[in-house]
């Protein structure tokens, strides 16, 4: 059974990337949810990369190319799946006025 990885955004900016296992072949399946706290006022997007985020300690996510996960963004709770192999996902919040966003990622093999 896969264990969820959770991060909580409390302000504007990108959270630390969550590395994914894309070496197990097919099927690749990652569930992603963003749950906003009651009364939260923010805009967010879920992003992915295909770069080798585990290559070495010199990896810097700000120098990477991040692409939007289709349908995974806005100002309200969302959930979805990623079925094409990617190496990492992250939540990027901008702008942020109030509240928190809980970012949950579950990958099955």
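Miscellaneous remarks
- Selection from segment 37-58 of residues that are within 18 Å of residue 105 (Cβ to Cβ) and either out of contact with any strand residue (DSSP E or B) (no Cβ under 6 Å at 6 or more places or on another chain) or loosely packed, with under 15 Cβ neighbours inside 10 Å (or both): 50, 51, 54
- All positions within segment 79-107 that are exposed (fewer than 12 other Cβ atoms within 10 Å of the Cβ) and more than 16 Å from residue 49 (Cα to Cα): 95, 97, 98
- In segment 1-15, the residue that is nearest to the chain's Cα centre (by Cα) out of those that are more than 23 Å from residue 95 (Cβ to Cβ) and either surrounded by 13 or more Cβ atoms within 10 Å (Cβ to Cβ) or touching a residue at least 24 places away in the same chain (Cβ under 8 Å) (or both) is 5.
No lab work stands behind these numbers, since they all come straight from the coordinates. Because the structure is predicted, anything quoted here is derived from the model rather than measured. Note that we place each Cβ from the backbone using ideal geometry, even for glycine, and neighbour counts take in every protein chain shown.
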